[in-house]
Amino acid sequence: MQIDRKKNIFIGIDCSCDDTSIGVVEFTSLDDWRIISDVRIGQEDISQFYGGVVPEVSSRLHLRNIESAFDMALKNININQVTAIAATFAPGLLSSLVVEYSFALTMAQLAKKPFIPVHHIEAHLLIAARGQEWPFIAVIVSGGHSMLVLCKSFGDYEVLCESGDDAAGECYDKLARRIGFGFPGGSYIENCAKLHTKKISLTLPCYKQLRLSFSGLKTQCLKLLETESKENVCYALQNTITESIKEKMRLCFEKTGIDRFVVCGGVAANSFMRESIKSLNYNVVFPDISLCTDNGVMVAVAGFYHLYFDTGMTKILPNNCSRLSLVDFTNLYKNNNS
Ligand code: KG4
Ligand code: ZN
C-alpha cells in the first residue's frame, strides 16, 4: 500500500505487558513526527499487590481499560483522519496480546483502515532510531529483553549478544520486590542508589564474551542485602548492569566497527546509565525518558515504517506469536515481499 508522504496519522496500541498504551502520532517523514496523544493506563497497584504481573489478571484489566484509553487517545481527532492502526502482536503476555490484538483489529475493520501487526522490540528500537544514521547497533534493555542488535537497514537485523537468563529490568524488579519497593522497581532502585555511601564493585557477568547474563548478579545482590545497606546494594546492581552493557557495547564495536548506537527499552530511562554511556566515545542516541518504557507511540512509529517501506505487513495476520523473535518476525515480511 502506498502512503501519502505529506501527512499521516497513525494509532499505535501496546498491551504486551501491564500497561494499556495507546498513542496517536502525526508523521511527515520517518524522522519528522509529533505526538498527538500518549495515553497509558498502568496496573502498578495490582502488580505491586501480587509482587509482579499476573497474566490473567493483567489481561482482564486491559479488557476493562482499553476502550477508555482509546477514547482518551482519540479525543482531539476523528478516526476518519487516521491512516492506519498498528498494534503489537509479539512478544508479550499471550492473554494480554489477545485482548489488544482483537480490539485493534476490530477497530481497524470498523473504521476501514489498514491494520499493521508490530513487533514490540522493533518498535522500541525504531522510536530510538530517530536522528540516528543506519547501520547502527541497538541496545535493547527492558523488563523482558536484554540484547544488542546490529541494525543494518530497516528489517535487516542481526542479534550480536543476548541475555540467556534474566533481563536487566527483571533484576531491577526482583531486587526492588525484595526490598519492598513498588513495581516496576527500576526507578525506585535508581532513586535509592543515589543515597549510596559505598561503591561496591561486583564482577562483570560473561566478561569479554558476547553474551549477557544477569541472573547470577541478581542472586548476588539479594544476598548482599544481608550485610549491606539497600542504598549500597541498589548502587552495586545499577552500576554493574551499566558497566556490563558498556562492556558489550565495546565488544560489539570491536566486532562490527560501528560506533553508532541507539539505547532503548524501559531500563534506558535510567539516568545513571544514560550519563555513563554518554561518557563512552561513541555516537549514541536515546529516546526521551518518557518514551523508553512501553508506550503506544513507538508502535505507531513502527507501523509508519512498515507502510513507508511497503513491507506488506498490512496483508499479514499472524496468530498466536507471543514468543516470536525479532529476526523470525522480519522473515514474515521479507518472505512476503519475495
Ligand atoms: O520496556 P519496558 O517498559 O517493558 C518491557 O518491554 O519489558 O521495560 C520495563 C522495565 C522494568 O523492568 C522497569 O523496572 C525498568 O524497565 N525501568 C527501569 C527504570 N525505569 C523503568 N530500570 C532502571 N531504571 C529506571 N529508571
Ligand atoms: Zn517493552
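Residues that are in contact with a helix residue (DSSP H, G or I) (Cβ under 9 Å, 6 or more places away or on another chain) and assigned to a helix (DSSP H, G or I) were ranked within segment 92-103; the one that is surrounded by the most Cβ atoms within 10 Å (Cβ to Cβ) is S96.
Taking the listed residues S47, S29, the one that is out of contact with any Cys (no Cβ under 9 Å at 6 or more places or on another chain), modelled with pLDDT under 95 and surrounded by 21 or more Cβ atoms within 10 Å (Cβ to Cβ) is S47, with no other qualifying.
Tell me which residues, restricted to segment 132-150, are within 16 Å of ligand 1 (Cβ to nearest atom) and either over 15 Å from F214 (Cα atoms) or not hydrophobic (A, V, I, L, M, F, W, C) (or both). Quick ask: steps written out before the conclusion?
If we filter segment 132-150 for residues that are within 16 Å of ligand 1 (Cβ to nearest atom), which is where we start, we get 138-149.
Passing the criteria: A138, V139, S142, G143, G144, H145, S146, V149.
Pairing each residue of segment 246-267 that is aromatic (F, W, Y) with any residue that is at pLDDT 95 or above and part of a helix (DSSP H, G or I), provided the two are 6+ apart or on different chains, yields C-beta distances under 9 Å for F261/M249; F261/C252; F261/F253; F261/I277.
Picking from L324, L317, L291, which residue would you name as being hydrophobic (A, V, I, L, M, F, W, C) and in contact with a helix residue (DSSP H, G or I) (Cβ under 7 Å, 6 or more places away or on another chain)?
On the way: L324 fails: in contact with a helix residue (DSSP H, G or I) (Cβ under 7 Å, 6 or more places away or on another chain); L317 fails: in contact with a helix residue (DSSP H, G or I) (Cβ under 7 Å, 6 or more places away or on another chain).
So the residue among L324, L317, L291 that is hydrophobic (A, V, I, L, M, F, W, C) and in contact with a helix residue (DSSP H, G or I) (Cβ under 7 Å, 6 or more places away or on another chain) is L291.
You will find that of S21, S47, the residue that is under 21 Å from the mean Cα position of the chain (by Cα), touching a residue at least 60 places away in the same chain (Cβ under 8 Å) and part of a helix (DSSP H, G or I) is S47 and no other. Residues that are within 16 Å of ligand 2 (Cβ to nearest atom), buried (at least 21 other Cβ atoms within 10 Å of the Cβ) and either β-branched (V, I, T) or in a helix (DSSP H, G or I) (or both) do not occur anywhere in segment 32-44. Of the helices (runs of 4 or more DSSP H) lying entirely inside segment 225-338, those carrying at least 2 residues that are out of contact with any strand residue (DSSP E or B) (no Cβ under 9 Å at 6 or more places or on another chain) are 230-256, 271-278, 326-337.
Condition check ((1) surrounded by fewer than 20 Cβ atoms within 10 Å (Cβ to Cβ); (2) more than 19 Å from the chain's Cα centre (by Cα); (3) at pLDDT 95 or above) across all residues:
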residue	(1), (2), (3)
I258	yes, yes, yes
S271	yes, no, yes
Y282	yes, yes, yes
R323	yes, no, no
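The values are calculated or read from the model by the stated rules, or taken from the named source; none is laboratory data. Note that the coordinates shown come from a computational prediction; the quantities given were computed from them, not determined experimentally. FYI the Cβ positions are ideal-geometry reconstructions off the backbone, even for glycines, and counts take in every protein chain you see.
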